[in-house]
Ligand SMILES: NC(=O)c1ccc[n+]([C@@H]2O[C@H](COP(=O)([O-])OP(=O)(O)OC[C@H]3O[C@@H](n4cnc5c(N)ncnc54)[C@H](OP(=O)(O)O)[C@@H]3O)[C@@H](O)[C@H]2O)c1
C-alpha cells in the first residue's frame with residue numbers, strides 16, 4: 001500500500017511515527033511540506049522521502065499520484081485548496097483522509113472528482129505518545145475495505161472509533177479538546193498546592209506526575225474511571241472531602257457546559273467551511 005502524507009507537521013508526523021513503529025515499510029510512504037528546510041529536517045527525523053512545494057510546486061500532485069491513501073495534514077484553511085490541487089492526480093480508488101478539524105466531508109468532496117472516497121478524522125495529540133484517540137467518519141462513497149485502509153493509518157498511534165459525521169463535533173469536545181482539560185487540571189492542582197504552602201516548583205511537579213500517573217492507570221482499554229476513583233476514596237477520608245467539595249460546587253455541570261461550548265464552536269467552524 002502506498003501512502004502519501006501531504007503536510008508533515010505535528011499531527012501527520014505523529015501518525016507517521018506510529019505507522020513506522022507498527023512496521024510500515026518506509027519506502028511505501030512519501031510526504032510533502034512547504035519549506036525546503038522542513039523537508040530536510042523531516043527526512044532526517046523520519047527516514048522517508050519528503051518533498052517541498054517550495055522547491056517543486058508539483059510536489060503534492062506527484063505524491064498523490066499513485067497513492068492508495070492520501071492523508072491531508074495541512075492547516076484547516078488550506079485543506080480545500082489542497083483538494084483542488086490534487087484532484088486531477090488521484091487514482092479513483094485512492095482514499096483521501098483528512099485530519100483537519102472542522103472541514104466537512106461534503107466540502108472536500110465538492111473539490112474532488114465525483115465518487116472519490118473521502119474520510120474525515122478527529123485525532124488528538126496523545127497520538128504523539130502512541131495513546132491517541134481518533135474519531136473517524138467515512139463519506140458516502142467509501143467502502144468497508146477503504147474505511148479499514150484509513151483506520152489502519154493509526155494502528156501504531158491510537159485507537160480508532162467509527163462515528164457518523166454529525167457526531168464529530170461531540171468527539172472533538174471529548175477527545176479532541178480533552179487533553180487540554182487534563183493539562184488544565186494539572187495546572188489548577190499545582191496552583192492549589194502552592195496556595196496550601198508548597199514551593200511552586202514542587203507543586204507543579206507533584207501535579208504533573210500525578211495526572212500523568214493517573215492517565216497511565218486509565219490507559220488499559222475498558223478500565224472504569226469511577227471504579228479507580230472509588231478505590232482511592234475511603235469513607236470520610238481526605239479524598240472524599242475533596243471530591244464531595246468539587247461535586248457540591250457543580251464541577252459536573254461546569255465540565256458539561258465547557259464541552260457544549262467546544263462542540264458548538266466545532267459546528268460553527270464546519271459551517272464556515274461549508275460556505
Ligand atoms: N495539533 C493538534 O492538536 C490537532 C488535533 C486534531 C487535528 N489537527 C489537525 O491537523 C492538521 C495539521 O495541524 P498540525 O498541528 O500538524 O500543523 P503544523 O504542525 O503547522 O503542520 C502543517 C504542515 O503542513 C505543511 N504545509 C503547509 N503548506 C503546505 C502545502 N501547500 N503543501 C504541503 N504541505 C504544506 C507544513 O510545512 P512547513 O513546515 O514547511 O510549513 C507542515 O509540515 C490541522 O488541519 C489540524 O486541524 C491538529
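The values are calculated or read from the model by the stated rules, or taken from the named source; none is laboratory data. Note that the coordinates shown come from a computational prediction; the quantities given were computed from them, not determined experimentally. Cβ atoms come from the backbone with ideal geometry, glycine included; neighbour counts cover every protein chain shown.
You will find that of 205, 240, 268, 272, the residue that is outside any loop (DSSP other than H, G, I, E, B) and touching a residue at least 24 places away in the same chain (Cβ under 8 Å) is 272 and no other.
Residues in region 6-20 that are touching a helix residue (DSSP H, G or I) at 6+ places or on another chain (Cβ under 9 Å) and near the ligand (Cβ under 9 Å from one of its atoms): 6, 7, 8, 9, 10, 11, 13, 14.
The set of residues in region 108-125 that are within 13 Å of the ligand (Cβ to nearest atom), at pLDDT 95 or above and not in a loop (DSSP other than H, G, I, E, B) comprises 108, 120, 121, 122.
Can you confirm whether residue 90 is closer than 14 Å to residue 4 by Cβ, more than 8 Å from the ligand (Cβ to nearest atom) and at pLDDT 95 or above? Judged against the criteria, residue 90 is a match. Of the residues screened, residue 149 is one that is over 10 Å from the mean Cα position of the chain (by Cα) and over 22 Å from residue 174 (Cα atoms). Consider residue 245 carefully, then state whether it is at pLDDT 95 or above, under 24 Å from residue 129 (Cβ atoms) and out of contact with any helix residue (DSSP H, G or I) (no Cβ under 7 Å at 6 or more places or on another chain). So residue 245 does not fit the description; no. All but one of (1) in contact with a helix residue (DSSP H, G or I) (Cβ under 7 Å, 6 or more places away or on another chain); (2) surrounded by fewer than 19 Cβ atoms within 10 Å (Cβ to Cβ) hold for residue 115; which doesn't? Only one criterion in (1) in contact with a helix residue (DSSP H, G or I) (Cβ under 7 Å, 6 or more places away or on another chain); (2) surrounded by fewer than 19 Cβ atoms within 10 Å (Cβ to Cβ) is unmet by residue 115, namely (1). When you look at residue 18, is it more than 20 Å from residue 102 (Cα to Cα) and either surrounded by fewer than 16 Cβ atoms within 10 Å (Cβ to Cβ) or outside the structural domain of residue 142 (by TED's automatic domain parsing) (or both), yes or no? No.
Residues that are touching a residue at least 60 places away in the same chain (Cβ under 8 Å) and either outside any loop (DSSP other than H, G, I, E, B) or closer than 25 Å to residue 74 by Cβ (or both) occur in region 179-187; there is at least one.
Tell me, yes or no, whether region 68-82 has at least one residue that is modelled with pLDDT of 95 or more and farther than 30 Å from residue 131 by Cβ. Yes, some residue in region 68-82 is modelled with pLDDT of 95 or more and farther than 30 Å from residue 131 by Cβ. Could you check residue 95 against (1) under 26 Å from residue 169 (Cα atoms); (2) within 14 Å of the ligand (Cβ to nearest atom); (3) surrounded by 23 or more Cβ atoms within 10 Å (Cβ to Cβ) and say which number it fails? Just one mismatch for residue 95, condition (2). Considering region 126-145, the residues that are assigned to a strand (DSSP E or B) and within 13 Å of the ligand (Cβ to nearest atom) include one that is farthest from residue 220 (Cα to Cα), namely 136.
Of all residues in region 56-74, those being within 8 Å of the ligand (Cβ to nearest atom) and touching a residue at least 40 places away in the same chain (Cβ under 8 Å) number 4. Residues that are in contact (Cβ under 8 Å) with a residue 12 or more places away in the chain, touching a strand residue (DSSP E or B) at 6+ places or on another chain (Cβ under 7 Å) and away from the ligand (no atom under 11 Å from the Cβ) within region 21-55 comprise 28, 29, 30, 48, 49, listed in sequence order.
Counting the residues of region 146-162 that are over 24 Å from residue 252 (Cβ atoms) and not in a helix (DSSP H, G or I) gives 9. Only one entry of 156, 130, 139 meets the criterion of being buried (at least 19 other Cβ atoms within 10 Å of the Cβ) and at pLDDT below 95, and that entry is 156.
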